[in-house]
Every structure is written in structure tokens, then in C-alpha cells.
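Q: Right, I'll just put the structure down here and ask away after.
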Amino acid sequence: MRTICGLAVLASCVGVGVVGAADEPRADELLAAVQKKLRDAVARAGPSVATVVVSRSEHYPKPEKPDAPGKLGGFDLKEFVRANPTTERTRLGLSLDLSDARGIAEHGCAGGVVIDAEGYVLTPYHVIDGATKVYVFLPGGTGSYADIHAADARSDLAVLKLIAPPQKLQAVAFADVRVGRPADKGATVYPGKLCVLLTNPYSSTFGLQQATAGFGSVTNTRYKPKEFDTVGVARRATEYTSLLEYDIKPNAGMTGGVLLNLDGELIGLTNAAAVAWGNEIGPGYAVPATASFRRIVDVLRRGEEVEYGFLGVTLNDGARPRVVVGALSPGGPAERAGLALGDHITHVNGNPVEDFHDLLTHVGSAFAGSKVKVTLSRFGRVRDADVTLSKFRHDMPSIASSRPEPVFGLRVDFEDLQTRGAPAGVDSWVTVREVVPNTPAAEKFKALGDNPARWMVTHIDGKPATTPAAFYAAAKGRDKVKLTLLDSTEPNPRPREITLP
């Protein structure tokens with residue numbers, strides 16, 4: 001009877017109907033139902049599980065467009081050897097050919113998952129950092145060389161684009177992931193949640209055939225206890241967002257593995273770099289596929305840069321654990337929206353904010369240029385403020401294959417409120433991000449000095465330049481544009497005007 005009751009509880013957890021005690025099902029029926037649920041989950045997600053092989057060798061032929069970000073291209077062994085048909089060259093070429101699974105032991109591999117049937121694969125950023133060539137294997141022996149479509153070191157996520165994607169690729173389904181405790185209302189992933197881990201590690205004995213499945217549970221949800229400056233220093237998201245801890249040991253240390261619910265939906269991407277110890281002595285960890293995670297993946301899927309939101313507040317350290325405004329960036333989004341010193345931030349877009357980690361998560365994932373509702377409490381009075389976020393600037397690397405067309409050779413970025421502040425009387429502007437050589441913009445800015453990045457563009461044809469999107473929209477289809485500029489290095493900058501082209 002004890003065995004039957006245990007199976008009944010498990011069956012109810014996986015969505016299998018359990019009849020009353022009078023008609024108590026047999027143990028073998030419950031076990032068969034649970035096994036079918038697991039088998040269906042693996043069958044649904046298994047074809048989406050990838051093995052990502054990365055080489056950092058400098059011996060590959062140089063790409064045709066060396067300045068194209070992430071454009072790594074493929075590798076033709078026959079062409080490589082034909083250029084110099086020697087035994088040494090042949091041996092080198094064989095070691096560089098990532099499409100031969102036997103070479104994986106030399107290069108190493110990580111996990112990934114197909115997120116779009118057109119040939120887009122998600123993997124952690126640290127997997128492809130510094131890569132000169134990438135090959136992606138899929139179950140069944142298919143695969144393709146891949147370019148880095150977009151990548152973001154801060155979220156530790158990257159999306160690869162298969163150069164020759166196999167037919168009938170199957171994309172993984174994403175679950176609605178809301179991390180919490182079992183008792184939390186609305187939580188869908190919590191300690192005790194049953195889960196499946198899928199990885200496709202290379203074996204010299206078995207090669208690469210199909211994903212390996214492990215069954216277990218989420219054992220905890222963790223925040224890493226990092227102490228850092230509340231101004232908002234640049235750190236990987238795995239240092240301040242929640243992590244899913246799980247107890248499935250087979251291949252748990254393979255970064256980029258796929259953590260699934262029992263419906264075969266992605267609830268997390270494993271990340272071996274998120275912890276300070278190896279999986280031999282500790283549990284496995286995965287980055288949960290929350291709404292903010294999925295928004296970042298959507299941006300990378302479009303090939304764009306992830307532009308994190310910037311609120312412009314420094315917290316009062318003495319007010320912990322409450323999130324209380326201690327200082328405001330002059331002219332920043334929070335100050336413009338009416339936030340004041342001493343305001344207690346309780347929610348962002350309805351999401352509770354209990355500490356600085358929560359604030360970073362909800363503001364950062366809202367993205368620059370978007371409007372968020374910040375709920376504030378002060379002396380028992382609650383109010384909402386609509387804040388249009390600026391861009392959080394950091395020096396962590398990123399790759400974006402989809403970039404806006406330059407305006408006569410000029411690309412711009414969001415206002416820089418972290419290092420420059422707002423000049424007196426200026427409500428909005430964009431900064432010069434890039435001046436393409438040998439263009440009208442390069443000629444005009446050369447006449448203004450050797451550092452184009454110091455210039456702020458406040459107006460385009462007399463209209464305020466509020467965001468990069470507004471700038472490009474105003475310039476689209478125009479034969480010429482007049483820009484109003486300010487020099488950010490001047491204490492009291494005076495307006496200057498240039499006309500492009």
C-alpha cells in the first residue's frame with residue numbers, strides 16, 4: 001500500500017489522474033503513466049538539444065569580412081589542403097575540421113538548444129567567447145558550422161545562426177517560468193518541482209546520437225550573496241538573479257544543458273560557470289527561463305544588442321533591506337519622473353522589489369527606451385511614477401549582427417547619464433557611437449576634432465533627438481539632415497550645427 005500511495009503522489013505531480021481510494025489504481029498502472037509522461041517530455045524536446053563545439057585556433061583562413069561581428073563562416077577541409085597539399089597541412093586541416101565528431105575531444109564541447117526552426121541555437125556566452133570557429137551537432141548526426149548571430153556577456157547568453165541548417169529543425173518550447181517557493185502564489189518553478197535534464201555530450205565510444213536524459217527535481221532557488229556597489233556596477237546576471245538548483249547528476253556539469261518540466265518545456269539553461277565549485281562536489285545550477293530571460297533571448301534572436309534599462313538611482317545603504325533612494329543621477333530618468341530622496345521603491349511593473357538584486361533584474365530587463373511603472377512608498381503614502389528608462393552602460397562585450405543603417409556614416413546611442421550627466425537646459429539627446437570611415441559624417445566630424453564620441457546630438461532638423469530609434473526615423477529617406485550638437489567636454493557647451501551629407 002505504501003508503494004501505491006507514493007506512486008499516486010508522483011502521478012498527481014505529473015498530471016496523471018488518480019481515482020478515489022475505493023478504486024485505487026495498481027502500482028504498475030501509475031508507474032506506466034509516469035514513464036509515459038517522462039518519455040513524451042524527452043521525445044518533445046530531445047530533437048532540439050544541440051552540442052556546440054568551439055575552436056579558438058588562429059590557423060583558420062581569415063574571413064572575407066573581418067570586421068563583420070560574429071561572422072565566423074564555415075570550413076572547407078578540401079580547399080584548405082588544396083592550398084598547400086602537404087602531410088603537415090593535411091594533419092592541421094583534420095584537426096581544424098569541427099564537423100568530424102572525433103575531434104571534439106581536442107576542442108571540447110558544451111550544450112545548446114534550438115530556439116527557432118530557421119536555425120537559431122541558444123547557448124551560454126562563455127561557451128563561444130573568443131571563438132574563431134563554431135560547429136553545432138544535432139541529434140541524428142546532422143549539424144552545421146555557425147556564426148554568432150548575437151551575444152551578450154552580461155546575461156551570459158548567445159544565439160548562434162546555423163550556416164546550413166538541416167531540414168525540419170525542431171525548436172524547444174518555453175515554459176511560463178515564475179520562480180518562487182512552493183507556497184508562493186503564481187510560482188511555477190519551486191523547490192520540489194520535478195524536472196528532466198537533457199544534454200548531448202560526446203563519447204568516444206558512442207559518438208553523438210541522441211540526447212541523454214536524467215530525471216530529478218529542483219532542490220532550491222538561489223541568490224548568490226554578492227556584496228557590491230548599489231550604483232549598479234556591471235556584473236553577469238548570474239551574480240544577482242535567481243538560479244535553479246537541481247539534483248540530477250548525469251552530465252550535470254555540461255554547461256548549456258536543457259532543464260525541462262515534465263511537459264517537455266524549457267525551464268532553465270544549465271550554467272557551470274555560475275558556481276564556484278565543480279559539479280562533482282555540488283549540485284547543478286541553471287539560469288531560469290523567466291520572462292526577463294525570454295525577453296533577452298528574443299532580442300538576441302533578432303540579432304540585436306541587449307540594451308539594459310537605467311533608472312538613475314543610488315540606494316541608501318543604511319535603509320536595508322528596503323530599497324530606498326539615497327541619490328539621483330542629475331537629469332536622469334528617475335529625477336525626470338519625480339522620484340525623490342527617501343522614496344521607498346516597492347514594485348517595478350507590478351513585480352515586488354525587496355532588494356537591489358530585484359531592482360537590477362526588473363529595471364535591466366525592461367530595456368532602454370521603455371516605460372516602466374515604479375511604485376513608491378513614502379510616509380505611508382503609495383504612488384506610481386511612469387519612468388522612461390535610459391541605457392545602462394557597461395564594458396562587458398556583446399555582438400550584434402543586426403545594426404541600424406548609419407545616417408550618412410553616423411550611428412548614435414542613448415544618452416550617457418552615468419558618466420556625463422545632463423547639461424543645463426537639455427532634456428534629451430543621443431550620443432555619437434560610431435563614425436564610419438570615408439563617409440560624409442567622417443569628414444564633418446573630423447573638422448570638429450579627433451574624438452567624435454564627445455559629441456551629443458540634441459536635435460535633428462530642429463526636432464529633439466530623444467532616442468536612437470527617433471533619430472533614425474527622422475533621418476530615414478532624407479536627402480540631407482541638419483544636426484545640432486553639443487560638446488560634452490565643455491562645462492557650458494554652446495550649440496553647433498552640421499549638415500549631412
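Q: Name the long-range amide H neighbours of Thr219: under 5 Å, sequence gap of 5 or more, or other chain; modelled H, no Pro or chain starts.
A: The answer is Gly192, Glu245, Tyr246, Asp247.
Q: Pull up the cross-link candidates among the aspartates and glutamates for Lys71, meaning alpha carbon to alpha carbon under 17 Å and not fewer than 8 places away within one chain.
A: In chain and number order, the partners are Glu58, Asp129, Asp147, Asp152, Glu304, Glu305.
Q: Related question: Helix-only estimate, please: 222 nm mean residue ellipticity of the chain, summing -39500 (n - 2.57) across DSSP H runs of length 4 or more and dividing by its residues, to the nearest 500. Mind dumping the intermediate values first?
A: Values: 11 runs with 94 residues, N = 501.
Calculated mean residue ellipticity at 222 nm is -5000 deg cm²/dmol.
Q: Report, to the nearest whole %, how much of the accessible area of the chain belongs to carbon and sulfur atoms, 1.4 Å probe, protein only. Kindly include the intermediate steps, with their values, before the conclusion.
A: Working: 12240 of 23990 Å².
Result for the chain: 51 percent of the exposed heavy-atom area is carbon or sulfur.
Q: Taking amide H atoms as placed 1.01 Å from N in the peptide plane, list the residues 5 or more away in sequence, or in a different chain, whose amide H sits under 5 Å from that of Leu157.
A: Residues meeting the amide H criterion: Tyr125, Asp152.
Q: Also: Loop-only check: which GluC sites (Glu not before Pro) in the range 87-170 are DSSP coil with at most 13 other Cβ within 10 angstrom? Spell out each step's value before the answer.
A: Numbers: sites: Glu88, Glu106, Glu118; in loops: Glu118.
The qualifying sites are Glu118.
Q: Now a separate question. Straight distance only, please: which lysines reach the Cα of Lys391 with their own Cα at less than 24 Å, same-chain residues fewer than 8 apart left out?
A: Candidates past the 8-residue exclusion: Lys226, Lys371, Lys373, Lys463, Lys476.
Q: Quick one: 3J(HN,Hα) in Hz for the range 430-438, Karplus 6.51/-1.76/1.60 with θ = phi - 60°, rounded, Gly and Pro as x.
A: 10, 9, 6, 9, 8, 10, 5, x, 6
Q: Give the range of the longest stretch in the chain that excludes all chymotrypsin sites (Phe, Trp or Tyr not before Pro) found in loop regions by DSSP and having at most 14 other beta-carbon atoms within 10 Å. Provide the component values of the computation, followed by the final result.
A: Values: sites that count: Phe206, Phe228, Trp277, Phe379.
Looking at the chain, 1-205 is the longest stretch - no exposed chymotrypsin sites (Phe, Trp or Tyr not before Pro) with at most 14 other Cβ atoms within 10 Å.
Q: Applying the Karplus parametrisation 6.51 cos²θ - 1.76 cosθ + 1.60 with θ = phi - 60° to the phi angles of the range 446-453, what ³J(HN,Hα) value in whole Hz is obtained for each residue in order, glycine and proline being reported as x?
A: These are the phi-based 3J(HN,Hα) values: 4, 5, 8, x, 9, 10, x, 5 Hz.
Q: Here's a follow-up. Averaged per residue, what accessible area in Å² does the range 106-175 show with a 1.4 Å probe, protein chains only? Let's see the in-between values first.
A: Working: 2110 Å² over 70 residues.
With all protein chains present, the range 106-175 gives 30 Å² per residue.
Q: Determine how large the accessible area of Ile399 is when every protein chain is in place; take a 1.4 Å probe and give Å² rounded to the nearest 10.
A: Rounded to the nearest 10, the figure is 40 Å².
Q: Could you order Cys109, Cys195 so the one with the most accessible surface comes first? Probe is 1.4 Å. Walk me through the numbers before you get to the answer.
A: Working: Cys109 55, Cys195 0 Å².
My answer, sorted largest first, is Cys109, Cys195.
The values are calculated or read from the model by the stated rules, or taken from the named source; none is laboratory data. Keep in mind that what you see is a predicted model, and the values were worked out from it rather than measured. Because the Cβ atoms are built from the backbone with ideal geometry, glycine has one as well, and the counts that use them run over all protein chains shown. Areas reflect the complete protein model, heavy atoms only, side chains present, ligands, DNA and RNA absent. Shrake-Rupley method; radii C 1.70, N 1.55, O 1.52, S 1.80 Å.
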